[in-house]
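Taking it in order: structure first as structure tokens, then the write-up.
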Amino acid sequence: MSLTWSAKDHKHMSQAAATGHKRSRNDTGNKATVVLGAQWGDEGKGKVVDLLATEADLVCRCQGGNNAGHTVVVDGKEYDFHLLPSGIINTKSISLIGNGVVIHLPGLFEEGDKNDKKGLKGWEKRLIVSDRAHIVFDFHQVVDGIQETERQATEGKNIGTTKKGIGPAYSSKASRTGLRVCDLLGDFKDFSMRFKNLVHQHQSMYPSLKVDVEDQLKKLKDYGERLRPMVRDGVYYMYEALHGSPKKILVEGANAALLDIDFGTYPFVTSSNCTVGGACTGLGIPPLNIGDVYGVSKAYTTRVGIGAFPTEQLNAEGELLQTRGHEVGVTTGRKRRCGWLDLVIVRYAHMINGFSAIALTKLDILDVLDEIKVGVAYKLNGKRIPHFPANMDVLQKVEVEYETFPGWKTDTSAARKWNDLPAKAQNYIRFIENHIGVPIKWVGVGKSRECMIQMF
């Protein structure tokens, strides 16, 4: 169907209505495959997306901003992505930044140019940006830092944000004072006035905030012109992609289930929905067009920043996971906290997202351990609790019930198929699968593409 609604289309619809024909439900169009984090982020989603992106026609980001960090290794080259969908590597596919994403323009172009120097050529021609996406301004990033400092001073603890301005930008969006890509590309005089008002609004809340408004506007005008050729109406673009010729569409979730603004460990969460609903609202696609939903989980658990973490190991094991797994945040450079695999949180993520299958990454990090534990339930005052607690004070107090497995003490990094894995590693994987009730489709044993063992 074309973007223009023709008289023929109208007549066709009217005829169907007049004769009382039921509209066929089978013609739902293409389905989008969604890849989501099943823990607290850093699960290796980029690697799964990269694997699927080699065959995708369209790869989309639907929420978050450059607070996400995905590393993809191709031909020995390491690319870091924060705002660009990792599918941008594939020269045959188009990458789309959806309306649910908040975009820091200097960050976007800096990232593109940095990867361009590494060999990512022609990325600007393969990128489409929704005109409804909100903009993260430099002052949003400054405000993010001020808020963290204030939280530390008043409550003695901060949230541990990436200071990329994501929360403040989503706050502007929710309070209806935010500015979108379509505003930047519209009447610049009007945009300038609204930008000044937004700055004043933030300065009245944060008197220490200094902004060189004219300098910012000059830069924004230049960024706007560079962005213009990439901007489309995202809703119509997605509709065409779903209902045009057969296409493989991939949606790359940023952050993860336990960082979701609604379902995560609030308030130690991000500011968007990083569960499956975010794919619909962040791109303008109906639930009917969501196909497979793949959850990505590490073979253990990590978390960046503060917040409850029931299976955390503040001991030699935790340290070993941190050093062997090179657990340092791609975006923040902070050391990640490490612990045993927590199946309570992965099951909870599955309840919300309805995973079709799971990718279990970094199994090789466990190769040297004598024994491996898996959290299977939470107890409170000695009694098992049947749910994942919403209240953080409660979550801080839970006691974890573990299942213990003997380690396989074998290097798995060269394994390329299921049978290459030691029997004890296979048992570990099967236990996880049975406990969550979701099949494991991939097992990761290393950094590169080849290290993902496909099970079916």
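The values are calculated or read from the model by the stated rules, or taken from the named source; none is laboratory data. Computed from a prediction, not measured in an experiment: that's the story for all the values here. Counting neighbours? That spans all protein chains shown, and the Cβs are built from the backbone with ideal geometry, glycine included. Remember, those area values only see protein heavy atoms, side chains included, never the ligands or the DNA or RNA. Shrake-Rupley method; radii C 1.70, N 1.55, O 1.52, S 1.80 Å.
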So LYS118 fits all but one of (1) closer than 25 Å to LYS362 by Cα; (2) open to solvent by 10 Å² or more (accessible area, probe 1.4 Å); (3) in contact (Cβ under 8 Å) with a residue 24 or more places away in the chain; what number is the exception? (1)
Are there any pairs, at least 6 apart or on different chains, whose C-beta atoms fall under 9 Å, with the first in the range 350-371 and assigned to a strand (DSSP E or B) and the second open to solvent by 10 Å² or more (accessible area, probe 1.4 Å) and among the β-branched types (Val, Ile, Thr), and if so, which? ILE358/ILE436; GLU371/THR404
Can you find a residue in the range 348-364 that is modelled with pLDDT under 95, within 24 Å of the chain's Cα centre (by Cα) and of a type in the set (Lys, Arg)? no
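Would you confirm whether or not the range 359-368 contains a residue that is more than 30 Å from SER448 (Cα to Cα) and hydrophobic (A, V, I, L, M, F, W, C)?
no
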For residues that are open to solvent by less than 50 Å² (accessible area, probe 1.4 Å) and out of contact with any helix residue (DSSP H, G or I) (no Cβ under 6 Å at 6 or more places or on another chain), scanning just the range 402-420, find the one that is farthest from ALA377 (Cα to Cα). ALA415
If you go through VAL211, VAL251, the only one that is in contact with a helix residue (DSSP H, G or I) (Cβ under 8 Å, 6 or more places away or on another chain) and part of a loop (DSSP other than H, G, I, E, B) is VAL211
Positions within the range 282-310 being crowded, with 22+ Cβ neighbours inside 10 Å and more than 27 Å from GLN454 (Cα to Cα), in sequence order: GLY282, LEU283, ILE285, VAL304, GLY307, PHE309
Based on this model, can you work out whether ALA423 counts as under 20 Å from GLY37 (Cβ atoms), open to solvent by 50 Å² or more (accessible area, probe 1.4 Å) and not β-branched (Val, Ile, Thr)? no
Please go through the range 247-281 and give me each residue that is open to solvent by 40 Å² or more (accessible area, probe 1.4 Å) and either among the hydrophobic types (A, V, I, L, M, F, W, C) or over 27 Å from VAL72 (Cα atoms) (or both), ordered by number. ILE261, ASP262, PHE263, TYR266, PRO267
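Kindly provide the set of residues from the range 90-108 that are β-branched (Val, Ile, Thr) and either over 15 Å from LEU250 (Cα atoms) or open to solvent by 30 Å² or more (accessible area, probe 1.4 Å) (or both), ordered by number.
Once the filter is applied, which keeps residues that are β-branched (Val, Ile, Thr) and either over 15 Å from LEU250 (Cα atoms) or open to solvent by 30 Å² or more (accessible area, probe 1.4 Å) (or both), the range 90-108 yields THR91, ILE94, VAL101, VAL102, ILE103.
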So if I check each of VAL231, VAL211, which one is buried (at least 18 other Cβ atoms within 10 Å of the Cβ), closer than 13 Å to PHE137 by Cα and at pLDDT 95 or above? VAL211
In the set LYS397, LYS447, which member is surrounded by 14 or more Cβ atoms within 10 Å (Cβ to Cβ), of a type in the set (Lys, Arg) and touching a residue at least 40 places away in the same chain (Cβ under 8 Å)? LYS447
Taking the criterion of being part of a helix (DSSP H, G or I), open to solvent by less than 60 Å² (accessible area, probe 1.4 Å), within 26 Å of PRO267 (Cα to Cα) and hydrophobic (A, V, I, L, M, F, W, C), would at least one residue in the range 156-169 satisfy it? yes
Members of the range 176-199 that are outside any loop (DSSP other than H, G, I, E, B) and exposed (fewer than 13 other Cβ atoms within 10 Å of the Cβ): LYS189, ASP190, MET193, ASN197
Within the range 332-349, the residues that are within 18 Å of GLU317 (Cα to Cα), touching a residue at least 60 places away in the same chain (Cβ under 8 Å) and either open to solvent by 50 Å² or more (accessible area, probe 1.4 Å) or not aromatic (Phe, Trp, Tyr) (or both) are ARG336, LEU341, ASP342
Could you look through the range 374-423, keep only residues that are among the hydroxyl-bearing types (Ser, Thr, Tyr) and not in a loop (DSSP other than H, G, I, E, B), and pick out the one that is farthest from the chain's Cα centre (by Cα)? THR404
For residues that are open to solvent by less than 40 Å² (accessible area, probe 1.4 Å) and more than 20 Å from TYR402 (Cβ to Cβ), scanning just the range 311-331, find the one that is modelled with the lowest pLDDT. THR331
Whether any residue in the range 124-133 is out of contact with any strand residue (DSSP E or B) (no Cβ under 6 Å at 6 or more places or on another chain), open to solvent by 60 Å² or more (accessible area, probe 1.4 Å) and over 25 Å from ASN197 (Cα atoms) is what I want to check. yes
Given the options MET392, MET452, name the one that is in contact (Cβ under 8 Å) with a residue 40 or more places away in the chain, surrounded by 14 or more Cβ atoms within 10 Å (Cβ to Cβ) and over 28 Å from ASN315 (Cβ atoms). MET452
